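Okay, structure first, notes after.
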Amino acid sequence: MLRGWLGTAGLGLFTIFPLAGRVLNPFRYGKLVKWLNDAIVPQPRTELAFMRDHSSQHVSAHGLLQGFELDERVDRVAAVLGTAGLRSGFARLIAVLGHGSTSLNNPHESAHDCGACGGRRGGPNGRLLAAMANDPKVRILLRDRGISIPDDTWFVGGYHDTCNDDLDLFDLEAVPPSHAPDLARVRASLDRARALSARERARRFEAAAWGIDAAGGLRHAQERAEHLAEPRPEYGHCTNSVCIVGRRSSTRGLFLDRRAFLVSYDAAQDPQNASLAALLGAVVPVCGGISLEYYFSFVDNEGYGCGTKLPHNVTGLLGVMNGYESDLRTGLPWQMVEIHEPVRILFVVETSPERVLETMRKNPLVWEFLENRWIRLAVMDPAGGPPLLYRDGAWDPVAGDDEGLPVAASSAAWYDGKREHLPVARIAFGNTAA
Amino acid sequence: MMETLLIAIVATPGVIFLALSLLWLAGWTPSERFVARLTSAGFGLITLGTAWLSWLIFATGAVSVHVSLGQWFHAGDYQFPLTILADRLSLPMVAMTAVLGGIAASFSVRYVHRDRGFFQFFLLLNLFAFGALTAFTAGSIDLLIGGWEIVGVTSVLLIAFFGERPEPARNAVRVFANYRIADVGILLASFVLHHGGSTLFTLLLPGEWPDQTSRLHGPEVMLAGFLMLMAASGKSSQGPFAGWLPRAMEGPTPSSSIFYGAVSIHLGAYLLLRFEPVIQAAPLVAMSTVAIGLLTALMATAANRVATDVKTSLAFASMTQLGLIFAEIGMGFPRLALLHVVGHAVVRTLQLLRAPSMLHDHHRMHAAAGGELGATGKLLHALPAGLRLWIYRFGLERGFLDAWLDRLVVLPVVRLAAVIGWSPFDSRGKA
């Protein structure tokens, strides 16, 4: 009471500066605050402590095991690189990016973070994987598992903020001097990619002007993230409709309108279907779950979603309710799903029909998703033949489209001036004017 | 010059409201962009106008500006004077309305974007600004009541903004009933002032705020003072009317912010500040003002500490400060009270606008404190356990005010309605 009296009667008037700055010019105000923070509190340099020699070693006050033993490190690197089919042909510099989302005034912020780790941010994961993969002892043991990382390959961990399209790379001081030019090149192409991504995202936002360039798109994304009044800082996974598990060369050059999950998998490297089992065990529950979350929040927003965000009221430090009194609201708010097209997700797996069914049958969780028709499944057999769609236990060939895909000079040429969902197009390479 | 400027400031949001609603009645719903630009331009203009007017008043050495626009009507020896004024009390309130209203409008352009009530929201926001400016610049109690009622009506309509759900509609009715009962006070007070001489502030309270005297005397002073106190308590959610404020948090966040953080909630304090000489002329009224303020502050601070949701917690925090402001007015510190009003409005507006950040702030504090947040309320721990428990229950039940209101006011009315055979209330009407 007395503290409130001092704060309002004494210092209250000064609050006008943050209030006006935050609301009237959030972009510049955000920059100013960041600049002041950097000037006054320098970013501490940190180092990951992830080594552990013996599983008996309890290194923390909480009595929990911390860090990873050598074998555990090898397992984790192999699980990521091996299942993705990255066993040879390594580049000199490889960036491993985690993702997360930062926005202001948004109780649903963590809904944009990684759902697989319970609404957390993936930066530390990217950083940790890079550090493990750079470990020479790990690399020696990886060779036994058929993953030979050349000595001149370096991994860099990073973090992509999907809301403001910021991209941080970690532990850059550890990058060998020989790789400095590679790092500069990677940094430049990542910067270009994030700006183009921001521009493509901006086409869905009515607040973004028509015909902005990539820099304008990036600025718009950053402004949204800093805006106190923005109930839709990003559309996240909204409009998701397909998950393509296959070689990236199969989808290269396709404009998928940010509606596809792309999972790298090469059936030729996976004769035992071990990688496929690991991949489907992860992506079917994750992508299928995401798809259903958006689906149900859209089809009955008051029942399965949490209604409009505008009257939401944070309660019990754990969730939101409507205004003065209501039940806890679960599901996604209308502002997150309003442009969603409620379709069950289609998994397109690049392998033979027999192999995919055999693999899915072995995992009851994945099998239930398919058998109870929460997801749809199609295969593209690398051996040839038309794509097959799984329907009621049988495979139907998908009738070929004789016309072929429309061709556009660039993604931007295809989406410019349009807000609605766009059909798939082929982007003509060699003519990649942004 | 100053007169024209003052009229323009008050009229701008009213003209925008009229223009928008006429266009709408003619069948054209303007685009979001048009409504947003028009409203922002309006608030921009009144902010600049207020700054300019303040400068002119300062430069010319005038303390206040009075504009008489004649009278609306007269009946017998009663006339409804249309007089507006800007003095040392009005101007800060007008500036506060202009700046905070503009900020809330700018916030809402993004926040209410794509909501189907966008047009309705901005229509009400403009009407509200017109009502608030009228109330703050009114030169007579009659005109003040006009602005006062506009603010009340827009406030209730915005609480019921999401009227398709039952809770906002129910809570809006509850707030409306509180307003109606409390407003009896200001209406009766205007009769008393009229009988006491004039309803014009210039005649009633000669001099410049805050160094005015009251022309009212005898029992009329006390009667008018108590009626004002009743009306002010209703508007500022004090004393017996303290239960409605958290229920008003049903609307969109920016309307909660501008109404219950900034302007509407301070209208009661403004009324007391305007009639400060009347209150000081009746010691019993002044003492009651202090008592109501302090008791409400104590109740609200207890309720604030145990509130489980951020908007209720901020509503009780507002009530606490309003209680202290009432106490300051009752004790005869109008300048301090005015500073407190403006400072509190600014702080509370920002807090309510960023109320959705509560979860995020808590997580950050929790992480920064290493996962262990220190215990609060060390002073309370000095009290005996039984008393602590009682204070906890008292806070959790918000001083039992709603229960008392239900029992003493709502139930008799419902019973009476049943006796005379007219029952608009279903069983949930009294909830």
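Kindly establish whether A:Thr239 is free of Cβ contacts under 8 Å to residues at least 60 places away in the same chain, surrounded by fewer than 19 Cβ atoms within 10 Å (Cβ to Cβ) and hydroxyl-bearing (Ser, Thr, Tyr).
It is false that A:Thr239 is free of Cβ contacts under 8 Å to residues at least 60 places away in the same chain, surrounded by fewer than 19 Cβ atoms within 10 Å (Cβ to Cβ) and hydroxyl-bearing (Ser, Thr, Tyr).
Quickly run through the range B:6-29 and pick out the residues that are over 24 Å from the mean Cα position of the chain (by Cα) and surrounded by fewer than 17 Cβ atoms within 10 Å (Cβ to Cβ). Before the answer, list the steps.
Let us first name the residues in the range B:6-29 that are over 24 Å from the mean Cα position of the chain (by Cα), namely B:19-29.
If the condition is that a residue be over 24 Å from the mean Cα position of the chain (by Cα) and surrounded by fewer than 17 Cβ atoms within 10 Å (Cβ to Cβ), then B:Ala19, B:Ser21, B:Leu22, B:Leu23, B:Trp24, B:Leu25, B:Ala26, B:Gly27, B:Trp28, B:Thr29 are the ones that fit.
Mind checking which residues of the range A:315-330 are buried (at least 20 other Cβ atoms within 10 Å of the Cβ) and within 26 Å of the chain's Cα centre (by Cα)?
Result: A:Val320, A:Arg329.
Give the range B:323-344 a look and list any residue that's of a type in the set (A, V, I, L, M, F, W, C) and more than 8 Å from every other protein chain (Cβ to nearest Cβ), or say none.
From the range B:323-344, those of a type in the set (A, V, I, L, M, F, W, C) are B:324-327, B:329, B:331, B:333, B:336-339, B:341-342; that's our starting set.
If the condition is that a residue be of a type in the set (A, V, I, L, M, F, W, C) and more than 8 Å from every other protein chain (Cβ to nearest Cβ), then B:Ile325, B:Phe326, B:Ala327, B:Ile329, B:Met331, B:Phe333, B:Ala337, B:Leu338, B:Val341 are the ones that fit.
Which residues, counting only those in the range B:341-394, are closer than 25 Å to B:Gly293 by Cα and within 23 Å of the chain's Cα centre (by Cα)?
B:Val341, B:Val342, B:Gly343, B:His344, B:Ala345, B:Val346, B:Val347, B:Arg348, B:Thr349, B:Leu350, B:Gln351, B:Leu352
Within the range B:282-318, which residues are outside any helix (DSSP H, G or I) and within 12 Å of chain A (Cβ to nearest Cβ)? Before you say what the answer is, go through the steps one by one.
Looking only at the range B:282-318, we keep the residues that are outside any helix (DSSP H, G or I), and these are B:282, B:307-309.
Passing the criteria: B:Ala307, B:Thr308, B:Asp309.
Considering only residues that are within 25 Å of B:Leu245 (Cα to Cα) and assigned to a loop (DSSP other than H, G, I, E, B), which ones fall in the range B:384-399?
Answer for the range B:384-399, where residues must be within 25 Å of B:Leu245 (Cα to Cα) and assigned to a loop (DSSP other than H, G, I, E, B): just B:Glu397.
Every residue in the range A:117-141 that is assigned to a helix (DSSP H, G or I) and either basic (Lys, Arg) or at positive phi (or both), please. Let's see the steps before the verdict.
Pass one, the range A:117-141, residues assigned to a helix (DSSP H, G or I): A:123-133, A:136-141.
A:Arg127, A:Lys137, A:Arg139 - these are the residues of the range A:117-141 that are assigned to a helix (DSSP H, G or I) and either basic (Lys, Arg) or at positive phi (or both).
Would you check which residues across the range B:236-256 are more than 10 Å from chain A (Cβ to nearest Cβ) and not hydrophobic (A, V, I, L, M, F, W, C) and list them?
B:Ser236, B:Ser237, B:Gln238, B:Gly239, B:Pro240, B:Gly243
Could you say whether any residue in the range A:78-86 is touching a strand residue (DSSP E or B) at 6+ places or on another chain (Cβ under 8 Å), of a type in the set (A, V, I, L, M), touching a residue at least 60 places away in the same chain (Cβ under 8 Å) and surrounded by fewer than 19 Cβ atoms within 10 Å (Cβ to Cβ)?
Yes, that holds for at least one residue.
For the range B:75-118, give me each residue that is farther than 25 Å from B:His344 by Cα, more than 12 Å from chain A (Cβ to nearest Cβ) and acidic (Asp, Glu).
B:Asp77
Could you list, ordered by first residue, the pairs with Cβ atoms under 7 Å in which the first is in the range B:292-305 and surrounded by fewer than 18 Cβ atoms within 10 Å (Cβ to Cβ) and the second is in a helix (DSSP H, G or I) and among the aliphatic types (A, V, I, L, M), at least 6 apart or interchain?
B:Leu294/B:Ala327
Looking at the range B:85-95, can you tell me whether even one residue there is part of a helix (DSSP H, G or I) and small (Gly, Ala, Ser)?
Of the range B:85-95, the ones part of a helix (DSSP H, G or I) are B:90-95.
Within this subset, residues satisfying the condition of being small (Gly, Ala, Ser) are B:90, B:95.
Yes, that holds for at least one residue.
Among B:Ala231, B:Ala224, which is crowded, with 24+ Cβ neighbours inside 10 Å and either assigned to a loop (DSSP other than H, G, I, E, B) or under 15 Å from the mean Cα position of the chain (by Cα) (or both)?
Details: B:Ala224 fails: either assigned to a loop (DSSP other than H, G, I, E, B) or under 15 Å from the mean Cα position of the chain (by Cα) (or both).
None of the others qualify; the one that does is B:Ala231.
Among the residues of the range B:372-383, are any outside any loop (DSSP other than H, G, I, E, B), more than 23 Å from B:Leu229 (Cα to Cα) and hydrophobic (A, V, I, L, M, F, W, C)?
Going through the range B:372-383, the residues outside any loop (DSSP other than H, G, I, E, B) turn out to be B:380-382.
Cutting the leftovers down to more than 23 Å from B:Leu229 (Cα to Cα) gives us B:380-382.
Filter once more, so that each one left must be hydrophobic (A, V, I, L, M, F, W, C): B:380, B:382.
Yes, the conditions are met somewhere in the range B:372-383.
Considering every residue within the range A:26-49, establish whether at least one is among the polar types (S, T, N, Q), within 14 Å of another protein chain (Cβ to nearest Cβ) and surrounded by 15 or more Cβ atoms within 10 Å (Cβ to Cβ). Steps first, please.
First pass over the range A:26-49, keeping only residues among the polar types (S, T, N, Q): A:37, A:43, A:46.
If we keep only those that are within 14 Å of another protein chain (Cβ to nearest Cβ) as well, we get A:37.
From what is left, the residues that are surrounded by 15 or more Cβ atoms within 10 Å (Cβ to Cβ) are none.
Within the range A:26-49, not a single residue is among the polar types (S, T, N, Q), within 14 Å of another protein chain (Cβ to nearest Cβ) and surrounded by 15 or more Cβ atoms within 10 Å (Cβ to Cβ).
From (1) surrounded by fewer than 23 Cβ atoms within 10 Å (Cβ to Cβ); (2) in contact with a Ser or Thr (Cβ under 7 Å, 6 or more places away or on another chain); (3) at pLDDT 95 or above, pick out the condition that doesn't hold for B:Gly207.
(3)
If we scan the range A:220-243, do we find a residue that is of a type in the set (Ser, Thr, Tyr), within 14 Å of chain B (Cβ to nearest Cβ) and within 26 Å of A:Trp334 (Cβ to Cβ)?
Within the range A:220-243, the first condition is being of a type in the set (Ser, Thr, Tyr), and the residues that meet it are A:235, A:239, A:241.
Subset that is within 14 Å of chain B (Cβ to nearest Cβ): A:235.
Checking which are within 26 Å of A:Trp334 (Cβ to Cβ) leaves us with A:235.
Within the range A:220-243, one or more residues are of a type in the set (Ser, Thr, Tyr), within 14 Å of chain B (Cβ to nearest Cβ) and within 26 Å of A:Trp334 (Cβ to Cβ).
Being in a loop (DSSP other than H, G, I, E, B) and either of a type in the set (Gly, Ala, Ser) or in contact with a helix residue (DSSP H, G or I) (Cβ under 8 Å, 6 or more places away or on another chain) (or both) narrows it down to one residue among A:Pro285, A:Pro271, A:Pro231; which is it? It would help to see each step written out before you state the result.
Working: A:Pro285 fails: in a loop (DSSP other than H, G, I, E, B); A:Pro271 fails: either of a type in the set (Gly, Ala, Ser) or in contact with a helix residue (DSSP H, G or I) (Cβ under 8 Å, 6 or more places away or on another chain) (or both).
Result: A:Pro231 is the single residue among A:Pro285, A:Pro271, A:Pro231 that is in a loop (DSSP other than H, G, I, E, B) and either of a type in the set (Gly, Ala, Ser) or in contact with a helix residue (DSSP H, G or I) (Cβ under 8 Å, 6 or more places away or on another chain) (or both).
So A:Tyr304 fits all but one of (1) more than 7 Å from every other protein chain (Cβ to nearest Cβ); (2) crowded, with 24+ Cβ neighbours inside 10 Å; what number is the exception?
All conditions pass for A:Tyr304, except number (2).
Can you tell me which residue is surrounded by the most Cβ atoms within 10 Å (Cβ to Cβ) among those in the range A:339-356 that are over 20 Å from the mean Cα position of the chain (by Cα) and charged (D, E, K, R)?
Within the range A:339-356, the match that is surrounded by the most Cβ atoms within 10 Å (Cβ to Cβ) is A:Glu350.
Can you name the number of the only condition in (1) in contact with a Gly (Cβ under 7 Å, 6 or more places away or on another chain); (2) of a type outside the set (Phe, Trp, Tyr); (3) within 14 Å of chain B (Cβ to nearest Cβ); (4) in a loop (DSSP other than H, G, I, E, B) that A:Met336 fails?
That leaves (4) as the condition not met.
Count, please, the residues in the range B:50-71 that happen to be touching a residue at least 40 places away in the same chain (Cβ under 8 Å) and either β-branched (Val, Ile, Thr) or in a strand (DSSP E or B) (or both). Working first, answer last.
Taking the range B:50-71 as the starting set, the residues that turn out to be touching a residue at least 40 places away in the same chain (Cβ under 8 Å) are B:50-54, B:56-57, B:60, B:62-69.
Then keep just the ones that are either β-branched (Val, Ile, Thr) or in a strand (DSSP E or B) (or both); that gives B:50, B:57, B:60, B:63, B:65-69.
Going through the range B:50-71 one residue at a time, the tally reaches 9.
Of all the residues that make up the range A:358-392, how many are crowded, with 18+ Cβ neighbours inside 10 Å and in a helix (DSSP H, G or I)?
Qualifying residue count, the range A:358-392: 5.
Is it the case that some residue within the range B:139-154 is touching a residue at least 40 places away in the same chain (Cβ under 8 Å), part of a loop (DSSP other than H, G, I, E, B) and more than 14 Å from chain A (Cβ to nearest Cβ)?
Yes, the range B:139-154 has at least one match.
Given the options B:Leu91, B:Leu82, name the one that is within 23 Å of the chain's Cα centre (by Cα), at pLDDT below 95 and surrounded by 17 or more Cβ atoms within 10 Å (Cβ to Cβ).
Going through B:Leu91, B:Leu82 in turn, just one is within 23 Å of the chain's Cα centre (by Cα), at pLDDT below 95 and surrounded by 17 or more Cβ atoms within 10 Å (Cβ to Cβ): B:Leu82.
Looking only at residues in the range A:307-326 that are assigned to a loop (DSSP other than H, G, I, E, B) and more than 7 Å from chain B (Cβ to nearest Cβ), which one is modelled with the lowest pLDDT?
Our first condition is that a residue be assigned to a loop (DSSP other than H, G, I, E, B); within the range A:307-326, this holds for A:307-311, A:316-318, A:323-326.
Among the residues that remain, those that are also more than 7 Å from chain B (Cβ to nearest Cβ) are: A:307, A:309, A:318.
Details: A:Gly307: 94, A:Lys309: 94, A:Leu318: 89.
That would be A:Leu318.
Name the single residue that is nearest to the other protein chains (Cβ to nearest Cβ) among those in the range A:102-116 being farther than 15 Å from A:Val314 by Cα, in a loop (DSSP other than H, G, I, E, B) and in contact with a Gly (Cβ under 8 Å, 6 or more places away or on another chain).
A:Asp113
The values are calculated or read from the model by the stated rules, or taken from the named source; none is laboratory data. The structure presented is a predicted model; accordingly, all values stated were derived computationally and were not measured. Using ideal geometry, Cβ is built from the backbone for each residue, glycine included, and neighbour counts are taken over all protein chains shown.
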